[in-house]
Each structure stands twice: as C-alpha cells, then as structure tokens.
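The values are calculated or read from the model by the stated rules, or taken from the named source; none is laboratory data. The shown structure was predicted, so the numbers you read here are calculated from the model rather than taken from an experiment. All Cβ positions, glycine included, derive from the backbone under ideal geometry; neighbour counts span all protein chains shown.
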Amino acid sequence: MPASLYEMSILAKTVAAGSLSAAARELGVSTAVVSRKLAALEARLGVRLLNRTTRRIALTDEGGRYHEACVRILSEVEEADAAAAAQRVEPQGVLKVALPASFGQKHVAPLIPRFAELHPKVQLALSLSDRTVNVIEEGFDLAVRIAELEDSSLAARKLAPNRRVVCASPDYLHRHGTPQIPQDLVRHNCLTTTEFHMIWEYRDPDARPGSVRVSGNHACDNWTVLRDWAVAGLGVALKSTWDVRRDLEEGALIPLFPGYTFGRDVAIYVVYPHRRYLPAKTRVFIDFLAESFGPEPYWDRPVEPRRGEPAVA
C-alpha cells in the first residue's frame, strides 16, 4: 500500500479504535509506530488532525473532514480490490433467495434450469412466500420485492418495472357493462386487497394524474386469489401485468382503459445486505435476473391478436 494510503488507514483505524494504543494492538505494531505515522501524515499535510494522548484522541475540525474523506477513499479501494478478485472466483455455495410466491413460481422458477447450467456449483434454495422476510435475521442472501421501497439498511437493485392493468372477465363485462373511464368504476364491484374501499391512482393518456375511490364486496391479500376471482367473473381487478399476462393472451381477462397507466412508483427489486464484498454467487444471480427481465420484460410485450381482436399493448 502506498505510504499515503497506509497513513490514511492508520488514521482511520485510530479513530475507530478510540486511542493510539488500541489502534496499535489491532494493527500489530507499537504505539510509537502509530504515533510516528500520524505525525508524518500531519507534517505532510501541514495541519493538525488529532489532539491525542496514549489514552484518548479527538479529531480537530480539519481532522474530521480529512478523516471522512479517508474512510471514503479506503472503502473505494477495498471495494475495487474485492470486485476485481470476485471476477476470478467461481460462484459456489448455498444461495438462499426469498421470492413473492406467485411471481417466483411464474417467472423465477422456470429460469433456474438455465441458471444451473451456467453455475453448477451454486446450491439454490428458494423460499416462496408473500410475507416480507427479514433478509438479515432470517439468513437470506437476497430477496425479490415488488413494492415502493422505503429507506432501508439493505442495498437494492431494480430488476424490472411493475406495470398494472385494470381488467375483468368477458362474463363480468357482459353482465355489468364495460366501464369507459376510471370514474365509471364507482358503479362496479372492484376486487380489493385489504379493505372494501381503496383508492386507485392513475394517469390519463395525456399523463394527467387522477384517482378513483373503488369499492366492492370481496377483498383478499393474496394476489393469486384476486386473479382467480377476476377470471371467475366476480369483479374488476387491478393486477400486475406479470400476473395476468397469460389470461390476457387467452382472453380470460379483458384489459380496460387503454392509454391509462395505474399505480404509483412500484417496481420489482432485488434487495440484499450491504456488503463491501458481494459474494460471487449473489452477484451472478442478481445479474442473471436483471438480464432475464430487463427494462422491458417479456410479460409487457404486446399481446398477440386473438380471434380477430386488435393487439393489446
């Protein structure tokens, strides 16, 4: 390590340890060596960084600013070294992944045979559940979440958008009529997730925001149940396109309000613990999912025309 980086590392270690003697013990050198290196650093910079004794240290104002920069620089060097080393490491070991049940079954599980071909030494353990797992406490390497992410101690990477469509079965529309604009939904039985009344937000074809208060007689917090209810003609549903793609293709569900977009800033993310060194097995799986889905995932491609009907975007 160049002398300047070594001096920076001694400063950072000293501040973290709380004293020169404690830093010396962690570094495996004498307290005198730590003191000399800090003095050399201050002499080179021409400023005093620490007010210190063998028992106690305190950063000066200049020292505080310099220490902050040192920590950032040393972290970047460490991450660069780790990233370069990771390219030489073959991904291997157990990888624990938490997935939303329906999304995992439909769009991740079918990809695993291909991933296994690419990385045969990775032992993949999938957990499919709609509950929000605690990634760190439950020992997961990563989790896929379909949500509007809140501030978190976890790192996150966006895998794909989560577009939504308001839809209903042909039978329901035949019996109750087809709503032409979102405000017409106030007269329809809408399938909701947690309450019998909800606000569905949208943007019209001119990108103007709006919302409609919907209500209905049936609510469920399970995505698959809501889809099944919609297909059975029980009501109108607001569904993610990844969940109802096949139903739209087969005509079991009819999309409503062409040109409108529904939902807030919800997307499909992978979250994982913040680490300076991301294990190769985790990195390659995240990259694999991102490449498999992409900014325009396959479930958002236009639905092929069926029985002379126009294509649905």
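When Val89 is tested against the conditions (1) at pLDDT 90 or above; (2) farther than 30 Å from Trp223 by Cβ; (3) outside any helix (DSSP H, G or I), the lone failure is (1).
Each row is one residue, and each column tells you yes or no for (1) aromatic (Phe, Trp, Tyr); (2) at pLDDT 90 or above; (3) over 15 Å from Asp243 (Cβ atoms).
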{"position": "Leu99", "(1), (2), (3)": "no, yes, no"}
{"position": "Val108", "(1), (2), (3)": "no, yes, no"}
{"position": "Arg114", "(1), (2), (3)": "no, yes, yes"}
{"position": "Glu117", "(1), (2), (3)": "no, yes, yes"}
{"position": "Asp130", "(1), (2), (3)": "no, no, no"}
{"position": "Val144", "(1), (2), (3)": "no, yes, no"}
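Filtered by the rule that a residue be under 23 Å from Ile268 (Cα atoms) and either without any contact (Cβ under 8 Å) to a residue 12 or more places away in the chain or touching a Phe, Trp or Tyr at 6+ places or on another chain (Cβ under 6 Å) (or both), segment 218-242 gives Val225, Asp228, Leu238, Thr241, Trp242.
There is at least one residue in segment 23-37 that is in the same structural domain as Arg72 (by TED's automatic domain parsing), of a type in the set (A, V, I, L, M) and within 40 Å of the chain's Cα centre (by Cα). Report yes if some residue within segment 205-217 is touching a residue at least 12 places away in the same chain (Cβ under 8 Å), hydrophobic (A, V, I, L, M, F, W, C), in a loop (DSSP other than H, G, I, E, B) and out of contact with any strand residue (DSSP E or B) (no Cβ under 7 Å at 6 or more places or on another chain); otherwise report no. So far as segment 205-217 goes, no, none of its residues is touching a residue at least 12 places away in the same chain (Cβ under 8 Å), hydrophobic (A, V, I, L, M, F, W, C), in a loop (DSSP other than H, G, I, E, B) and out of contact with any strand residue (DSSP E or B) (no Cβ under 7 Å at 6 or more places or on another chain).
Number of residues in segment 236-262 that are surrounded by 19 or more Cβ atoms within 10 Å (Cβ to Cβ) and at positive phi equals 1.
Scan segment 211-226 for residues that are in contact with a helix residue (DSSP H, G or I) (Cβ under 6 Å, 6 or more places away or on another chain) and buried (at least 19 other Cβ atoms within 10 Å of the Cβ) and jot them down. Selection gives Val212, Val214, Trp223. With respect to the conditions (1) surrounded by fewer than 21 Cβ atoms within 10 Å (Cβ to Cβ); (2) over 30 Å from Gly177 (Cα atoms); (3) of a type outside the set (A, V, I, L, M, F, W, C), Tyr272 lacks only one, and its number is (1). How about segment 179-197: which of its residues are in contact with a strand residue (DSSP E or B) (Cβ under 8 Å, 6 or more places away or on another chain) and more than 20 Å from Leu226 (Cβ to Cβ)? Correct list: Gln183 only. Scanning segment 145-187 for residues that are assigned to a loop (DSSP other than H, G, I, E, B) and surrounded by fewer than 21 Cβ atoms within 10 Å (Cβ to Cβ) gives Glu148, Leu149, Glu150, Asp151, Ser152, Ser153, Arg163, Gly177, Thr178, Pro179, Gln180, Ile181.
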